[in-house]
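Notes to accompany the following structure.
The values are calculated or read from the model by the stated rules, or taken from the named source; none is laboratory data. Note that the coordinates shown come from a computational prediction; the quantities given were computed from them, not determined experimentally. Cβ: placed from backbone, ideal geometry, glycine included. Neighbour counts: every protein chain shown. The accessibility values were calculated without ligands, DNA or RNA, using every heavy atom of the protein model including side chains. Shrake-Rupley method; radii C 1.70, N 1.55, O 1.52, S 1.80 Å.
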Amino acid sequence: MVDKLKIGIIGLGRISSLHLPAYKPENGLDAELVAICDSNKKRIKKLAQEYNVENTYTDYEELLRDPNIDAVEILTPHHLHLPMVLKAAQAKKHISLQKVPAMSLSEMDQMIDATKKHGVKFRVFENFRFYPPYQKAMELINQGTIGKTIRVDYQMWSGLKSLSQWDVPLKSWAWRISEKGNYKSPTLFDDGYHKHSVISQFLNQPIKSVIVWQGEKRIMGTVKWDLPSSMIYICKNKANFATWNTSLHDFIPMHSQYYGCDEYVSIFGEKGAIYIPGCTGSWFKDCGDHAPGQAGIHWQDEKGHRYKDTEIDTDWQTSFINCSREFINAIHEDRQPEVNPQEARYILQIGLAGIRSVRNNFQEINLKDIKDKP
């Protein structure tokens, strides 16, 4: 019988409500949550009771000194990651780090070097890659069902108000719209890390350069949001590319159990195509025969035969559970968990190039020209 790993979580903001459930007994992870840390004592008390956690901290360094903890999940804002990862590595804790991993390539390199030096597992938590329809899409791509990918179109819509969604106070976004915390880019840099990650995976070939166009949306007439925007990902062969288009609306007629947004992905190959309606939200859940399709995954092969799996799990929460399971299993199996540090660095480089494109009048930016910051 393998001993269960002892896990500590650092940072109990909104996103932790999607990480914590993975450690419920019914999800069967070979791990148990034994410690939590946050500066908000009220939130610590509430979650400690809910998840039956005895060890609570307001100082993450105290948590790291606990010899019983094997691994940590770090869920804090991006600009706080570097010292936490360095100290966690020094404390010999395996590390799962929420995206975006770092504010610069040099920060990322310091983390990679430290985790190698101290011999701990290090990965960036990328739940979108573990969303069941996206996993099925990669299975089809790897099987050659649609041939080599030549184009990916990723559409995303967000609403300040939807038919149903989380109530997320604007003040909770404060660091995301700051220069220090997020390059004033809650969409392109923060959420964009997910999109850069899955798009690069679906393309299944290196991205050479990016171009970003960005408009402007002001919330309550004052807060500037980095939407609408359109990003083009260009491969060495310019016939192969991807797009990510996203917009923010005052109201959008959709349901979501989580953030007020949803996505639609089209993947075109040399021999077929894949369509994935939905992800974060539930907009496509009850489409039935109505366009643009029912939630799940749909595909067409080279003979024109159409297939679908609309019984597949489409709850966005499942992607978090699957991603946590990957981390735990990789530690038990003594292998590198996904997303590995070098690929995480590459995804970060894509995001930094996107920021530079916006700041240089929407010019095409080669990834190789991003040496550190945008």
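For the residues ILE274, ILE234, ILE211, ILE252, the requirement of being among the β-branched types (Val, Ile, Thr) and within 23 Å of ILE15 (Cβ to Cβ) singles out ILE252.
Looking across region 279-308 at every residue that is loosely packed, with under 13 Cβ neighbours inside 10 Å and acidic (Asp, Glu), the one that is nearest to GLN257 (Cα to Cα) is identified as ASP286. Just one residue in the set ILE370, ILE276 is modelled with pLDDT of 95 or more, open to solvent by less than 40 Å² (accessible area, probe 1.4 Å), under 23 Å from TYR131 (Cα atoms) and not charged (D, E, K, R); that residue is ILE276. Residues in region 159-186 that are out of contact with any helix residue (DSSP H, G or I) (no Cβ under 9 Å at 6 or more places or on another chain) and β-branched (Val, Ile, Thr): 1 in all.
Scanning region 118-140 for residues that are more than 15 Å from the chain's Cα centre (by Cα) and surrounded by fewer than 21 Cβ atoms within 10 Å (Cβ to Cβ) returns HIS118, GLY119, LYS121, LYS136, MET138, GLU139, LEU140. Under the condition of being assigned to a strand (DSSP E or B), open to solvent by 10 Å² or more (accessible area, probe 1.4 Å) and closer than 24 Å to ASP301 by Cα, the residues counted in region 231-252 number 2.
Beta carbons closer than 6 Å, at least 6 apart along the sequence or on distinct chains, pair a first residue in region 253-275 that is within 19 Å of THR314 (Cβ to Cβ) and in a loop (DSSP other than H, G, I, E, B) with a second that is of a type in the set (Phe, Trp, Tyr) and at pLDDT 95 or above for TYR258/TRP316. Here's a check for you: in region 185-217, which residue that is modelled with pLDDT of 95 or more and among the basic types (Lys, Arg) is least open to solvent (accessible area, probe 1.4 Å)? Residue satisfying both the conditions and the ranking: LYS195. Within region 5-26, is even one residue assigned to a strand (DSSP E or B), touching a Gly at 6+ places or on another chain (Cβ under 7 Å) and crowded, with 20+ Cβ neighbours inside 10 Å? Scanning region 5-26 turns up no residue that is assigned to a strand (DSSP E or B), touching a Gly at 6+ places or on another chain (Cβ under 7 Å) and crowded, with 20+ Cβ neighbours inside 10 Å. The residues of region 331-352 that are over 17 Å from VAL198 (Cα atoms) and within 19 Å of the chain's Cα centre (by Cα) amount to a single one, GLN336. Across region 234-262, the number of residues qualifying as hydroxyl-bearing (Ser, Thr, Tyr) and within 19 Å of GLY215 (Cα to Cα) comes to 3. Here region 317-367 is the region considered, the condition is being open to solvent by less than 10 Å² (accessible area, probe 1.4 Å) and either in contact with a Cys (Cβ under 6 Å, 6 or more places away or on another chain) or among the aromatic types (Phe, Trp, Tyr) (or both), and the residue that is farthest from LEU5 (Cα to Cα) is PHE320.
Take the residues in region 141-150 that are surrounded by 17 or more Cβ atoms within 10 Å (Cβ to Cβ) and out of contact with any Leu (no Cβ under 6 Å at 6 or more places or on another chain), then tell me which one is farthest from MET220 (Cα to Cα). Quick ask: steps written out before the conclusion?
Looking only at region 141-150, we keep the residues that are surrounded by 17 or more Cβ atoms within 10 Å (Cβ to Cβ), and these are 141, 145-146, 149-150.
So of that shortlist, the ones also out of contact with any Leu (no Cβ under 6 Å at 6 or more places or on another chain) come out as 141, 145-146, 150.
On the way: ILE141: 43, THR145: 47, ILE146: 45, ILE150: 40 Å.
That would be THR145.
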